[in-house]
Amino acid sequence: MGTVREIMHPGADCVRTSETAADAARLMARLAVGALPICGKDDRIKGMVTDRDIVIKVVAEGRDAGTFPAGDLNQQEAVTIGADDTTDEAMRVMNEHRIRRLPVIDGERLVGMLTVADMARTMPEPRVGELVESLSEA
């Protein structure tokens, strides 16, 4: 059992609440990711946005992605994990909330992202199987 800091992707980009859905989509494309934290002017995480959120809430509704505020794409309050929390705690949080990506914070500052793939590379197979099974039910 290690810490989240040991296996996370360090550094993480945010889409700002003041930016647009199109800005979020471009950032996702540039980074080759499917989800981003949404950060406010205070650099604190306000929520998460996925590529699916943009499709469902903006494109499918016929809204203009160039003017739709990224801050309005929040799924809900962001679930986060502390950088010095254990990987067991991260697995519990992912299972409980049925999420595949966790923003990692140190204090209140975003310092990285933890994904199911990160967990799969470091956890024993049976534990990873439990996590994947839990996420498949979501």
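The values are calculated or read from the model by the stated rules, or taken from the named source; none is laboratory data. All of these numbers come straight from a predicted model, not from anything done at the bench. All Cβ positions, glycine included, derive from the backbone under ideal geometry; neighbour counts span all protein chains shown. In case anyone asks, the SASA skips ligands and DNA or RNA and just uses the protein heavy atoms, side chains included. Shrake-Rupley method; radii C 1.70, N 1.55, O 1.52, S 1.80 Å.
Structure notes:
- Of the residues making up the stretch 35-59, just one is in a loop (DSSP other than H, G, I, E, B) and small (Gly, Ala, Ser), namely Gly40.
- Exactly one residue out of Leu73, Leu36 is out of contact with any Cys (no Cβ under 6 Å at 6 or more places or on another chain) and either charged (D, E, K, R) or within 17 Å of Ile105 (Cβ to Cβ) (or both): that is Leu36.
- The single condition among (1) in contact with a Lys or Arg (Cβ under 7 Å, 6 or more places away or on another chain); (2) within 14 Å of Pro69 (Cα to Cα); (3) aliphatic (A, V, I, L, M) that Ala21 does not satisfy is (1).
- Of all residues in the stretch 1-34, those being part of a helix (DSSP H, G or I) and of a type in the set (Gly, Ala, Ser) number 5.
- Tally, over the stretch 28-45, of residues that are surrounded by fewer than 18 Cβ atoms within 10 Å (Cβ to Cβ) and either closer than 21 Å to Arg100 by Cα or of a type in the set (D, E, K, R) (or both): 10
- Within the stretch 46-56, considering residues that are in contact (Cβ under 8 Å) with a residue 24 or more places away in the chain and more than 23 Å from Asp106 (Cα to Cα), the one surrounded by the most Cβ atoms within 10 Å (Cβ to Cβ): Ile54
- Checking every residue in the stretch 63-77 against the condition of being open to solvent by 50 Å² or more (accessible area, probe 1.4 Å), modelled with pLDDT of 85 or more and over 22 Å from Asp13 (Cβ atoms) gives at least one match.
- Of all residues in the stretch 1-22 being among the polar types (S, T, N, Q) and farther than 13 Å from Gly82 by Cα, the one that is most open to solvent (accessible area, probe 1.4 Å): Ser18
- Answer from Glu89, Glu130 - the residue that is at pLDDT below 90, open to solvent by 20 Å² or more (accessible area, probe 1.4 Å) and charged (D, E, K, R): Glu130
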